[in-house]
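Since the structure comes first, as C-alpha cells, the remarks are kept for the end.
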Amino acid sequence: MEATGPAVSLDRVIKRYERNGRAFNAVDGVDLAIQPGGVFGLLGPNGAGKTTSMEMIAGLRVPTSGTVRVMGLDPTAYRAQLRQVLAIQPQHAALFEQQTVAELLRVWASFYPDAEDPDHLIAELGLTESRNVRTAKLSGGQRQRVLVATALISRPRVLVLDEPSTGLDPGARQELWTVIRARSGAGSAVLLSTHSMEEATALCDQVAIMHRGRVVASGAPADLIRKHAAERRLAFTVMHGTDLTVLRSHAEVSGLTENHDNGSVRVDLTTSDTDALLGLVTSRLSGRDIQIRDAGLEGVFLRLTGASFEAADEIPGKA
Ligand SMILES: Nc1ncnc2c1ncn2[C@@H]1O[C@H](COP(=O)(O)OP(=O)(O)OP(=O)(O)O)[C@@H](O)[C@H]1O
C-alpha cells in the first residue's frame, strides 16, 4: 500500500458499454487524482459517466482499459483489501426493510474491527428521531442519510458518495456537508458526485466536470471560474437621465440593458472587470441597489460544452 501519492488515481480509463447493438464509451479516457484529506466533486449532467467512474473506483465495474488505483491497489483484483480502505454509498441500495435504523447500523458496525459508534453517527446525521423506525418506513431523505451512515461506519480512508444530498432538505444538506468536512479534516479522501454546482462550489476543494464520458475541466472551483467564466452580471439603479456613455464605451462591458421605471433606471451588464466597474458605478454614476452575480461553475460548463447544465442531460450513445 502506498504511503504517499494520491488516494485514488485514474489513468486513461475507458468503460465501454453496448446499447441496442451499438458500442459507446460511457467513460472515455478519464484521468483523475484524488488526494488524502481532499473533497473531490464529480460534476456532470445525467449520463455523463459519474456513477460508472465511481463504481470502477469501488471495484464494482471493471474498466475496459486504463488503470484505476485506490491506495495503490487495483480495486477489482484486491476486493478484500479494498474493503478495508474504501466505502461507497451507492445511489440506490436495498436496505434490510424490517430492521430499524439503529439495528441496521449496529449490524453494519459489527463487520468492522474499528467501526464508528452507530449512536454517534445517528446523531451526526440528524437521524435521532428515526433511530427506532424500520427502514421500510423512512422518507427518501432519511433513507439517503442511512445509506451515507453505512458508508461512514468503517471509517474509510476513501469515502465514495454517489449523489449523497439527493432528496435532502437544505438543513439536512448542511448537516451532511459538516459530516463530510469532518471526514476530510481527519484525512480521508472524499469523492462525491453531484448535480448541484452550488454544492460543488461550497464543499469541494477540487472538481472534475464530466460531459459525455470525458473530463472537460478539472481543478479548484474558484480557479475554474476565474479561468473559464470570469465574467459577471452586474445590476444597479441610477437616476433617470444619468449619462451611461462611460459604460457603453468601456472595453470590459457587454450586454448592457436599461429598464426605465418611475424616474429611475435599472441597468444590467456583463463585465470581466468587476472591481473597475464597481468603482465607476458607485463614484461617477451614484449607482445603488447593486447586485453582482457570478456565472459560477454553471458558467464554466456553458463555456466549455456550449450547453447549459440542464440541457446537457442526455444519454450518450443514443444520438
Ligand atoms: N450496464 C450498463 N450497460 C449499458 N449502458 C450503461 C450501463 N450502465 C450505465 N450505462 C450508460 O452509461 C452512461 C453513463 O452512465 P452513468 O450512470 O455513469 O452516468 P451518471 O453521470 O452517473 O448519470 P446520473 O447523474 O444520471 O447518475 C449512461 O448513458 C448510462 O445509460
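If you go through the range 135-146, how many residues are of a type in the set (A, V, I, L, M) and either outside the structural domain of V179 (by TED's automatic domain parsing) or surrounded by 21 or more Cβ atoms within 10 Å (Cβ to Cβ) (or both)? Qualifying residue count, the range 135-146: 1. Scanning the range 73-85 for residues that are assigned to a loop (DSSP other than H, G, I, E, B), at pLDDT below 95 and surrounded by 15 or more Cβ atoms within 10 Å (Cβ to Cβ), we see that the one that is farthest from the chain's Cα centre (by Cα) is Y78.
One residue stands out among those in the range 176-213 that are surrounded by fewer than 17 Cβ atoms within 10 Å (Cβ to Cβ) and either charged (D, E, K, R) or touching a strand residue (DSSP E or B) at 6+ places or on another chain (Cβ under 6 Å) (or both): the one that is farthest from P156 (Cα to Cα), which is E198.
Restricting the range 264-312 to residues that are of a type in the set (D, E, K, R) and part of a loop (DSSP other than H, G, I, E, B), the residue that is modelled with the highest pLDDT is R284. Only one of the listed residues (V267, V215) is in contact (Cβ under 8 Å) with a residue 12 or more places away in the chain and over 17 Å from R293 (Cα atoms). That residue is V215.
Being within 24 Å of R226 (Cα to Cα), surrounded by 11 or more Cβ atoms within 10 Å (Cβ to Cβ) and without any contact (Cβ under 8 Å) to a residue 40 or more places away in the chain is the requirement here; does S254 meet it? For S254, the condition - within 24 Å of R226 (Cα to Cα), surrounded by 11 or more Cβ atoms within 10 Å (Cβ to Cβ) and without any contact (Cβ under 8 Å) to a residue 40 or more places away in the chain - is met. Name the residues in the range 161-198 that are charged (D, E, K, R) and either part of a helix (DSSP H, G or I) or within 16 Å of the ligand (Cβ to nearest atom) (or both), would you? Correct list: D162, E163, R173, E175, R181, R183, E198.
Summed over the range 199-230, residues that are within 16 Å of the ligand (Cβ to nearest atom) and part of a helix (DSSP H, G or I) total 2. For the range 79-92, the set of residues classified as out of contact with any Asp or Glu (no Cβ under 8 Å at 6 or more places or on another chain) and either small (G, A, S) or within 25 Å of N25 (Cα to Cα) (or both) consists of R79, A80, A87, H92, listed by residue number. Among the conditions (1) in contact (Cβ under 8 Å) with a residue 40 or more places away in the chain; (2) touching a strand residue (DSSP E or B) at 6+ places or on another chain (Cβ under 6 Å), the only one that R134 does not satisfy is (1). Each residue in the range 55-71 was checked for being away from the ligand (no atom under 16 Å from the Cβ) and buried (at least 16 other Cβ atoms within 10 Å of the Cβ), and 3 pass. The number of residues in the range 72-92 that are in contact with a strand residue (DSSP E or B) (Cβ under 7 Å, 6 or more places away or on another chain) and within 12 Å of the ligand (Cβ to nearest atom) comes to 2. When only residues in the range 5-54 that are charged (D, E, K, R) and within 11 Å of the ligand (Cβ to nearest atom) count, which is nearest to D74 (Cα to Cα)? For the range 5-54, the residue satisfying everything is K15.
The values are calculated or read from the model by the stated rules, or taken from the named source; none is laboratory data. Keep in mind it's a predicted model, so treat the numbers as computed, not measured. Reconstructed Cβ throughout: ideal geometry from the backbone, glycine too, with neighbour counts over all protein chains shown.
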